[in-house]
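Written below as structure tokens is the structure these notes are about.
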Amino acid sequence: MSPSITDEVAQRPPTVLVFDSGVGGLSVCQSILSLCLGVRIVYVADNASFPYGTKSEDYLRSRITTVLSGQCEQYQPDMLVIACNTASTLVLSDLREMLSIPVVGVVPAIKPAAETTQTGVIGLLATSATVQRHYTDQLVADFAAHCDVIRVGSSKLVEIAELYLRGDEVSEVELTDILADFFCETLSRPVDKIVLGCTHFPLLKTQLKQCAPYPIEWIDSGSAIAKRIKGLFDSAGLTLDASIAPMHRVRFTGAAVANDHFNHSLRLLGFQNFEIEERIL
Ligand code: DGL
């Protein structure tokens with residue numbers, strides 16, 4: 001007989017529930033798995049509602065709180081990571097009020113980009129929803145008022161990242177086209193940093209770099225999130241046992257994207273042992 005959820009909760013290593021609309025949050029898992037050896041991840045992809053970047057704010061608020069209250073009750077993680085900028089810029093405070101565990105969000109890394117730019121021109125590449133959010137306006141006003149911030153929203157790039165993890169080729173022409181506004185000749189000074197404000201995009205960092213006409217820095221939030229998680233484990237006195245290779249769960253609310261290439265991608269991202277589940281709701 002397979003162990004019940006209650007047994008699983010009682011016996012599990014320190015666990016982080018990582019949430020996204022699709023596979024983007026796996027880029028954040030990669031950073032967490034490489035810094036927090038021995039951590040166990042329950043990854044929840046709400047792909048039945050993918051993509052989040054085109055959904056209304058009211059729909060997303062209610063959907064995300066419903067999915068996460070159920071998943072947190074079932075798996076009782078030690079902490080929750082909203083590995084989705086589109087969701088974090090909208091529902092972080094609701095989730096923090098609703099749950100008694102630490103909730104860590106991912107928001108566009110405008111601050112480090114603005115602090116280190118040499119040219120004073122930075123790019124924000126995110127979903128169309130994130131580039132328009134009040135939360136993003138506030139980040140720019142608080143940390144990048146001295147910069148020109150060029151915002152590009154792309155749902156296409158989210159889709160390209162999803163397909164890439166399943167084995168599709170990435171078209172250089174499509175990527176170059178998406179990046180065009182960052183490199184247009186009418187800019188008085190060149191962009192020297194681009195913030196990857198969607199967790200899907202670091203999965204394509206190698207290809208994005210190849211499509212830029214000159215070298216720039218691409219900034220994402222993965223390693224900052226991993227450091228935050230490690231700090232939270234330390235301050236909660238939760239010890240990670242680096243000698244164990246936990247069984248991770250990769251759960252999809254809709255049909256799973258599982259194929260051999262996806263399994264291979266998961267291993268490359270640091271998931272040694274994992275179970276994939278689909279249509280979990
Ligand atoms: N990965 C997501 C983000 O960080 C959202 C992609 C989507 O569903 O539109 O914004």
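See the values below:
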item: Residue pairs meeting the criteria (Cβ under 9 Å; at least 6 apart or on separate chains; first within 18 Å of SER188 (Cβ to Cβ) and of a type in the set (Phe, Trp, Tyr), in region 140-158; second part of a helix (DSSP H, G or I) and within 16 Å of the ligand (Cβ to nearest atom)); result: none
item: Pair list, Cβ < 6 Å and 6+ apart or interchain, from region 39-61 residues that are more than 9 Å from THR253 (Cβ to Cβ) and within 12 Å of the ligand (Cβ to nearest atom) to residues that are among the β-branched types (Val, Ile, Thr) and modelled with pLDDT of 95 or more; result: PRO51/VAL158; GLY53/THR127
item: Hey, ARG40 of a type in the set (Lys, Arg), within 28 Å of LEU238 (Cα to Cα) and at pLDDT 95 or above or not; result: yes
item: Scan of region 91-128 for residues that are farther than 19 Å from TYR43 by Cα, buried (at least 24 other Cβ atoms within 10 Å of the Cβ) and within 10 Å of the ligand (Cβ to nearest atom), ordered by number; result: PRO108, ALA126, THR127
item: Any chance VAL28 is of a type outside the set (Lys, Arg), buried (at least 22 other Cβ atoms within 10 Å of the Cβ) and within 13 Å of GLY270 (Cβ to Cβ); result: yes
item: Residue within region 259-275 that is more than 24 Å from ALA109 (Cα to Cα), buried (at least 20 other Cβ atoms within 10 Å of the Cβ) and among the hydrophobic types (A, V, I, L, M, F, W, C) present; result: yes
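For (1) without any contact (Cβ under 8 Å) to a residue 12 or more places away in the chain; (2) buried (at least 20 other Cβ atoms within 10 Å of the Cβ); (3) part of a helix (DSSP H, G or I); (4) of a type in the set (A, V, I, L, M, F, W, C), each residue gets a yes or a no:
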| position | (1), (2), (3), (4) |
| --- | --- |
| LEU187 | no, no, no, yes |
| ILE194 | no, yes, no, yes |
| THR206 | yes, no, yes, no |
| PRO215 | yes, no, no, no |
| ILE229 | no, yes, yes, yes |
| THR239 | no, no, no, no |
| VAL257 | no, yes, no, yes |
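The values are calculated or read from the model by the stated rules, or taken from the named source; none is laboratory data. Computed from a prediction, not measured in an experiment: that's the story for all the values here. Don't worry about glycine lacking a Cβ; one is built from the backbone with ideal geometry, like all the others, and counts go over all protein chains shown.
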